[in-house]
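The values are calculated or read from the model by the stated rules, or taken from the named source; none is laboratory data. No experiment lies behind these values; they were computed from the predicted model shown. Glycine also receives a Cβ, built like all others from the backbone with ideal geometry; neighbour counts cover every protein chain displayed.
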């Protein structure tokens, strides 16, 4: 039985990537190879074309990151920072609100010196905010891109392009599905030319993805929830891939969580739902065979997920190797290719 301290590690601060590389596909790829992941091969990310076979299926998360961060002021003049966590409908969101005093239901907050939102009831750690007009239009026009807390600069025009996958389509995330950031159109074209198939899920990544687990007993951790959608054509593509004896390859832990959440009956099902699936070592994977993923934070649920998938010892060894070889970590960092244990 694993506990929180089993997923801690020391990471030199200078290995946390602060900026994207000039080219998306120029990052490195650590291939965890061998029948039990016992061989570590340093590669370029573009080598993924050689590591996949015709008929393999890459499953991408096509969520689009919102400009979800706002600065504003309460009616009393107090400063407020708002991070939209989830869009509920065309006028309503759940959001994190940072202020010196808790805003009261019915009060108003001026955002970006452009429009007012009305504070509704609390929903756990979030506030319900009612926008005066279409949420997506106001967010796009006046919001700021939210970068992860470990990136030390404010988002600029480069981030607005690069902290977004080239296939992003469905707006709703407050964090990027970062494994997908390595794919540019030229690399996608090469994969398709080889006969690798593509399918898409949508999982709107929430800010909870950056929260460390704080309970030593993992069973006591309350997992954050995220909304996902899987269409019938993706289900069909997965079933055809399995029937042909080829691999289903999740691009990122968010694609993995969506696919596995929709497979809890034992077989992948289409539909939309909230998921709070917490994957730790011992979990029996039902759909995904291989995983493309970045390097994750110590004590994070994502580190636990990849340890469940590829093996705890294998991941510990891979991370030690990556640190020794000075791989770049986290959202703008390098990637790994893992095979299910």
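Brief remarks on what is shown
- Qualifying residue in segment 210-226 (condition: at pLDDT below 95, in a helix (DSSP H, G or I), surrounded by fewer than 21 Cβ atoms within 10 Å (Cβ to Cβ) and touching a strand residue (DSSP E or B) at 6+ places or on another chain (Cβ under 9 Å)): no
- Filter result for residue 258 (within 18 Å of residue 57 (Cβ to Cβ), in contact (Cβ under 8 Å) with a residue 12 or more places away in the chain and in contact with a helix residue (DSSP H, G or I) (Cβ under 8 Å, 6 or more places away or on another chain)): no
- Of all residues in segment 182-207 being part of a loop (DSSP other than H, G, I, E, B) and more than 21 Å from residue 336 (Cβ to Cβ), the one that is modelled with the lowest pLDDT: 206
- Filtering 206, 180, 172, 195 for residues that are touching a strand residue (DSSP E or B) at 6+ places or on another chain (Cβ under 9 Å), on the phi > 0 side of the Ramachandran plot, in contact (Cβ under 8 Å) with a residue 40 or more places away in the chain and in the same structural domain as residue 25 (by TED's automatic domain parsing) leaves a single hit, 172.
- Selected residue (criterion: farthest from residue 11 (Cα to Cα)) from residues of segment 321-341 that are in contact (Cβ under 8 Å) with a residue 60 or more places away in the chain and in a helix (DSSP H, G or I): 321
- Residue 167 vs. criteria in contact (Cβ under 8 Å) with a residue 60 or more places away in the chain and either over 19 Å from the mean Cα position of the chain (by Cα) or under 21 Å from residue 272 (Cβ atoms) (or both): yes
- Being assigned by TED's automatic domain parsing to the domain that holds residue 229 and touching a helix residue (DSSP H, G or I) at 6+ places or on another chain (Cβ under 7 Å) is a property that does not hold for residue 324.
- In segment 89-110, residue farthest from the chain's Cα centre (by Cα) [restricted to those that are surrounded by fewer than 16 Cβ atoms within 10 Å (Cβ to Cβ) and closer than 23 Å to residue 63 by Cβ]: 90
- Matching residues in segment 79-100 - criterion: being outside any strand (DSSP E or B), out of contact with any helix residue (DSSP H, G or I) (no Cβ under 7 Å at 6 or more places or on another chain) and either at pLDDT 95 or above or under 18 Å from residue 128 (Cβ atoms) (or both): 88, 89
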